Amino acid sequence: MVNDASTPGATDYVAAFTPTFDIDSEKACLVLVDLQYATGSPDHGLGAKLARESRSDECVYRYERIASTVLPNVQRLLAAFREKNLRVLYFTYGAETQDYSDLGPMMKELCRGTLNRVGTREHEIIDEIKPVGDERVVNKLTPSGFTASPADLILRAYNTDTLIFAGVSTNMCVEHTLRDAADRGYKCILVEDACGADSQEMHDATLRVIPRLYGQVLSTDNVLASIAGG
């Protein structure tokens with residue numbers, strides 16, 4: 001399997017060294033990153049804050065992308081994984097204390113400003129894609145899902161070797177978590193049309209970085225075809 005021809009992935013000399021692989025669905029896990037009301041809904045958290053400040057125009061691209069592209073494709077991926085009883089892991093981010101004191105300076109003011117702490121609507125996963133059954137949710141206090149969480153232990157217990165990433169933001173928590181997964185030896189796939197960022201430029205920047213040794217960039221259709229064939 002190679003990077004999807006429809007995405008602007010890297011094709012330079014470094015990308016030529018990126019390992020190629022097929023998806024073994026029994027060893028794959030769908031990893032959904034930060035699809036929460038805090039920064040995933042125009043009516044909560046960040047969206048509501050920007051609206052109060054008359055700055056909603058700054059996030060039009062973000063929320064249109066999430067509604068029209070990210071969530072529908074995540075739903076398609078979830079349906080396929082659930083039909084085959086394959087592994088799904090959700091990452092959330094946000095404080096686990098009422099006063100946000102468990103967060104470092106990089107995350108604290110973002111979470112405080114968007115009311116993102118356990119127990120608030122903002123911290124919840126968006127209703128349309130909520131986990132079911134034994135689908136695991138791991139909360140993180142840092143941008144990467146691997147820095148301070150049991151994610152690696154859980155994935156090893158699942159006998160997982162391939163992680164298929166979707167979520168927001170492409171160029172921040174999704175990319176950071178994928179990079180750290182690649183460092184730990186996982187085969188990584190970024191599902192381009194199931195991710196979103198604050199601009200097309202930021203999104204495309206990650207699409208150019210990931211194929212430079214970190215993993216593959218594929219479309220939802222490509223992943224679904226591989227899972228069906230697996």
Once Cα Rg over 2.2 N^0.38 Å is worked out from the coordinates, which option in (i) 0.97; (ii) 1.20; (iii) 1.35 does it equal? (i)
Number of Lys pairs (Cα under 27 Å; 8 or more positions apart or on different chains) in the chain: 14
Which of the peptides 217-226, 52-61, 189-198 is most tightly packed, and how do the rest follow, judged by the mean count of other Cβ atoms within 10 Å per residue? 189-198, 217-226, 52-61
Among the DSSP beta bridges whose two residues both lie in the chain, what percent are antiparallel, rounded to the nearest 5? 5
As I understand it, the dipole of the chain uses +1 on the Cβ of Lys and Arg and -1 on the Cβ of Asp and Glu, about the Cα centre. Which of ALA194, THR147, HIS176 lies farthest toward its positive end? THR147
If you place +1 on the Cβ of every Lys and Arg, -1 on the Cβ of every Asp and Glu, and leave all else neutral, what size is the dipole of segment 83-230 about its Cα centre, to the nearest 20 Debye? 420
In nm, to one decimal, how far is the ASP22 label point from the MET106 one, both placed 7 Å along Cα→Cβ? 3.8
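Throughout, read-outs are computed from the coordinates displayed, never taken from laboratory work. Because the structure is a prediction, the values reported are computed rather than measured. All Cβ positions, even for glycine, are placed from backbone atoms using ideal geometry, and neighbour counts span all protein chains on display.
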